[in-house]
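Have a look at the structure below before the remarks.
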Amino acid sequence: MTYASHSHSSPDAIDTPDSIDAVDTDRRQFLHYAAAGVATVALGGGAVLTTLTATAEPRTTPVTSTHRWGMLIDTTKCAAGCDACVTACERENGLNLQQSPTDDAADWADQQSAWIRKVTLRDNLTGQVTQLPLMCQHCAEPPCVDVCPTGASFKRADGIVMVDRHTCIGCRYCMMACPYQARSFVHQPVAQKLTQVPRGKGCVESCNLCVSRRDDDRQTSTACADACAASGQGAIVFGDLNDPNSPLHQALAQVNSRQIRQELNLNTGVRYAGL
Amino acid sequence: MAVTTPHFKFTGIAVCILAFFSQILFSQPTLAADRIGEYVVPSSRAAQVKQCVEPADHMRRYHMELIQHQRDATVRHGIRSTKYSLSNCISCHTGHTAAGAPIAINATGQFCNACHAAAAVTLNCFDCHATIPSGEGWNHEVAQQLLLLPPVSEGAE
């Protein structure tokens, strides 16, 4: 209805590098009139304008298989004792807001939701120790999807394997089927959550490659990869497996990498180097 | 919708025309909804804008279908730009305390609760979905962009 009139664009402002600004200015002007008394007067134009300059480009069309999102994790760069990726993941997804229902710390450590686990491997013969973050491997042939009785466990067209919590009945078959133990079950009512990441009792959840970032063109990375880079390790490269020019593709072309449990032929989207 | 009889069509057109003129006539200093105080909470942003994402009559009848359609579009297909997003409803319809703190939208007497209580509807949506705008994210940006809202005041739930 009246909102339709807001999506006007000025025809002379197309295809020039400045066009975005031009359109924005237009929209700002419009805001001044349309929301007079709401935004402009009450809060001052400045505050509104700054927020609107950084407008999101959220998806308007369904995802396609043009992209296949994935990661390369170089275990030789993954530092012992560092949990930057885990912490960043928790913050991004509101997992740090979980509250323990018990005093038993060990019990809680087992039960709480974790989308990334830091795993330490030790070769008993040589004594060599390897660190790695383990999360959903975003298989092309995901066993969790095969076993799900309701279709809640699904693979998005762009390769992200995730749980539609609206159809998940909490049976946890997928958790049994996953060779990577990458999924968690929410046992308790969730008191605090982020708007962006709804989560609640009785459903299975796991890494979704920061799905709401994937649906926003301005975002090129995941919380864990960002944090790993910021902490100086740079062990995680996120990107598009299908795009030959992506940094991920180029990194994969240069190093020896493998899939964990390669023999299962799941064609994982997350690959590891240095294993 | 499927039930569009000619009678409804005319009503629809009349509503459009009315909405259009009322926009011109009354849009000067304050844009306030007609239904404030009934279910629309006076301290919500909704009380400051003229109308919902669709005409109120339509919303009253079909909001569940709109949201549920949006749900699949977003979760399955990654479409996050449309106005029927549940987080948008929350951004606009959340009431505020005198001090400006957001009140959970499903709390007793608040927007989604008051009417559902009268209609004996129970929802489990808020087991998972945040009941006030919380954290950062596309949702708030889309809410602002599409609905020309003032910036979200952040608050932990």
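The values are calculated or read from the model by the stated rules, or taken from the named source; none is laboratory data. Not measured: the values here are computed from a predicted model. Note: ideal-geometry Cβ built from the backbone for every residue, glycine included; neighbour counts use all protein chains shown. Accessible surface areas use protein heavy atoms only, side chains included; no ligands, DNA or RNA. Shrake-Rupley method; radii C 1.70, N 1.55, O 1.52, S 1.80 Å.
Points worth noting:
- Restricting attention to the stretch A:167-222 and to residues that are of a type outside the set (A, V, I, L, M, F, W, C) and not in a loop (DSSP other than H, G, I, E, B), the residue that is farthest from the other protein chains (Cβ to nearest Cβ) turns out to be A:Y173.
- Test: residue in the stretch A:96-105 that is among the acidic types (D, E), more than 22 Å from A:E263 (Cα to Cα) and assigned to a helix (DSSP H, G or I): no
- Only one entry of B:I67, B:I90, B:I36 meets the criterion of being within 14 Å of the chain's Cα centre (by Cα), at pLDDT 90 or above and surrounded by fewer than 19 Cβ atoms within 10 Å (Cβ to Cβ), and that entry is B:I67.
- B:A56 vs. criteria in contact with a strand residue (DSSP E or B) (Cβ under 6 Å, 6 or more places away or on another chain), over 27 Å from A:L95 (Cα atoms) and either of a type in the set (D, E, K, R) or open to solvent by less than 40 Å² (accessible area, probe 1.4 Å) (or both): no
- Enumeration of residues in the stretch A:56-101 that are under 15 Å from the mean Cα position of the chain (by Cα) and among the small types (G, A, S): A:G70, A:A88, A:G94
- Number of the condition not met by A:D103 [criteria: (1) open to solvent by 60 Å² or more (accessible area, probe 1.4 Å); (2) within 21 Å of A:Q181 (Cβ to Cβ)]: (2)
- Search result, residues across the stretch B:76-114 that are over 17 Å from B:N124 (Cα atoms) and part of a helix (DSSP H, G or I): B:R76, B:H77, B:N88, B:S91, B:C92, B:H93
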